Amino acid sequence: MNEPNGIWNFAYGGNMNPRVLSERRKITPLESVAGRLEDYRLAFNTRGFPWIEPAFANVEQDPGACVHGVLHKLTEEQFARLDRYEWGGVAYRHLELDVSAYDGRRVRARVYSARYVSREKSPSCRYLTLIREGARVSGLDDDYVRMLDRHPCRDTPNMSNASIGLLERSARLRTLFMFLILGTWKAKDLFSSSGNRSNPPTSANP
């Protein structure tokens, strides 16, 4: 369970990488330990930005599957900071799940789960490289690291990590970008539902 002096967060995407969490987001956890989330799988179905980042990581329930990642113990202030970067409560919801640390502990952690999902897509090579690096630096399971290495990725117009860091550090730009992206997502949902109403499904066996 979450301890009085800290909040456990289970990172399975870019936040596994110290270049993202510590250097770019200026969050130094009280403690970090590798862990695995059972009965879930890694999915790249969080809606992204088609011209830059096609999809971000998410976790989906899947009995018998397992997601490896990093348990970060954060102060309340650090978690609130992380939430701002991850658009917690808007783009993501918090799940409270039991995670098995590699050192044998069983930890109750907050896990980000996407609110806006689409069909699975290959992530950008920039984003997947950050995840692969984070997995190696954190000493994740060798088979899991090899799975990440085999996962396909897409070359997209180059947006450097420095540029993304600048966007994240500017509260006004981050807010503007968030509303722009959310508006795009909701518009897609609106057009999709409108199309479904005007074109009802037909039988597969006419």
List every residue pair whose Cβ atoms sit under 7 Å apart, with the two residues 6 or more apart in sequence or on different chains, where the first one lies in region 41-56 and is closer than 14 Å to Arg115 by Cβ and the second, anywhere, is outside any strand (DSSP E or B) and of a type in the set (Gly, Ala, Ser). Asn45/Ser118; Arg47/Ser118; Phe56/Gly13
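Among Ala55, Ala91, which is the only one that is within 26 Å of Ser122 (Cα to Cα) and either in contact with a helix residue (DSSP H, G or I) (Cβ under 7 Å, 6 or more places away or on another chain) or surrounded by 19 or more Cβ atoms within 10 Å (Cβ to Cβ) (or both)? Don't jump to the end; show me each part of the working.
Values: Ala91 fails: either in contact with a helix residue (DSSP H, G or I) (Cβ under 7 Å, 6 or more places away or on another chain) or surrounded by 19 or more Cβ atoms within 10 Å (Cβ to Cβ) (or both).
When all the criteria are applied, what remains is Ala55.
Would you check if Arg119 is surrounded by fewer than 18 Cβ atoms within 10 Å (Cβ to Cβ), in contact (Cβ under 8 Å) with a residue 12 or more places away in the chain, among the charged types (D, E, K, R) and outside any helix (DSSP H, G or I)? First the steps, then the outcome.
On the way: surrounded by fewer than 18 Cβ atoms within 10 Å (Cβ to Cβ): yes; in contact (Cβ under 8 Å) with a residue 12 or more places away in the chain: yes; among the charged types (D, E, K, R): yes; outside any helix (DSSP H, G or I): yes.
It is true that Arg119 is surrounded by fewer than 18 Cβ atoms within 10 Å (Cβ to Cβ), in contact (Cβ under 8 Å) with a residue 12 or more places away in the chain, among the charged types (D, E, K, R) and outside any helix (DSSP H, G or I).
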Would you mind finding the one in Val33, Val90, Val67 that is among the aliphatic types (A, V, I, L, M) and in a loop (DSSP other than H, G, I, E, B)? Val90
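The rows are residues; the columns are (1) modelled with pLDDT under 70; (2) of a type outside the set (S, T, N, Q); (3) closer than 16 Å to Glu53 by Cβ.
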residue	(1), (2), (3)
Arg105	no, yes, no
Glu133	no, yes, no
Gly139	no, yes, no
Ala162	yes, yes, yes
Leu190	yes, yes, no
Gly195	yes, yes, no
What single numbered condition from (1) over 15 Å from Ser113 (Cβ atoms); (2) surrounded by 20 or more Cβ atoms within 10 Å (Cβ to Cβ) fails to hold for Cys66? (2)
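The values are calculated or read from the model by the stated rules, or taken from the named source; none is laboratory data. Note that this is a predicted model, so its numbers are computed, not measured. Ideal geometry is used to build each Cβ from the backbone, glycine not excepted, and the neighbour counts take in all protein chains shown.
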